[in-house]
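Everything below concerns the one structure shown next.
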Amino acid sequence: MIRTLIIDDEPAIRKDLEWLIKRYPDFIVLGSCGSIAEARVIIPNTEPELLLLDIELADGTGFELLQEFPERNFKVIFITAYNQHAIKAIKFGAYDYLLKPVDEDELTETLLRLKAAGPSNAKVQMEVTGSHLHNKKPGLHNRIVLRSHQYLQVVSFEEILYCQSDGSYTTFHLSDKRKITVSRPIKEYEELLPENWFIRIHQSYIVNHHFIDRFLKDGLLILKDGTQIPVSSRKREYVRQFLTGDH
């Protein structure tokens, strides 16, 4: 059974989450609390495997709490009322998020994935999450966490050649020939990946423009490794202006 601790400063949310979690036989609720002060005592005593963690607590943030546990063996699902951009950043660092008010179907899907995924590197996922939201940790700004079905992979921007869409999935093609497929649409990555590294050239492609070698008149973009990627007709003028510095 997955030992679960709920940390949220709203008593009603804690009560609802506890009731929902108890419906899943693979999870057991160890307890709940509403502050960092309480959590810093409960976590060492109960040794949870999963935290359902609010970001804004009465006496600080969920990130501040996690900084007190640099060596931890639990996963984190955020309970958050953050705006859409912050949510998207969190989704690529924490295991997942639940938006208040918690939707039971979303909770079910998240818990099933978590149960199937097995152990993960909680320290890495939280460090990268913090860098996305706060931009305070030098050295992590040019990285992204990609979550496949089996693992979390930290990837630097300079490793990414291009991203390719396949419906609700996105495949990252890396400079060492690796491919990482994640179950997120490419639109989310267009908003997350910075413009000083990446350019959207097609409905199905985002390219790292540091790897562009040539742009042909027939609309083909040639990368430095020889990969040929089509540029959509409506994006061709934009790409031309981008490459010539006229934008």
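The values are calculated or read from the model by the stated rules, or taken from the named source; none is laboratory data. Quick caveat, the model's predicted, so the values are computed rather than measured. Cβ sites come from the backbone with ideal geometry, for glycine too, and all protein chains shown count toward neighbours.
Quick rundown of the values:
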item: When residues of region 75-95 are limited to those that are of a type in the set (F, W, Y) and modelled with pLDDT under 80, the one surrounded by the most Cβ atoms within 10 Å (Cβ to Cβ); result: Y95
item: Check on D218, closer than 28 Å to T110 by Cα, at pLDDT 90 or above and not hydrophobic (A, V, I, L, M, F, W, C); result: no
item: Looking only at region 199-220, and only at residues there that are crowded, with 19+ Cβ neighbours inside 10 Å and not hydrophobic (A, V, I, L, M, F, W, C), the one that is farthest from the chain's Cα centre (by Cα); result: H202
item: Whichever residue in region 1-19 is among the aliphatic types (A, V, I, L, M) and surrounded by fewer than 20 Cβ atoms within 10 Å (Cβ to Cβ) and, among such residues, is modelled with the lowest pLDDT; result: M1
item: Hey, R72 within 26 Å of E109 (Cα to Cα), surrounded by fewer than 19 Cβ atoms within 10 Å (Cβ to Cβ) and not aliphatic (A, V, I, L, M) or not; result: yes
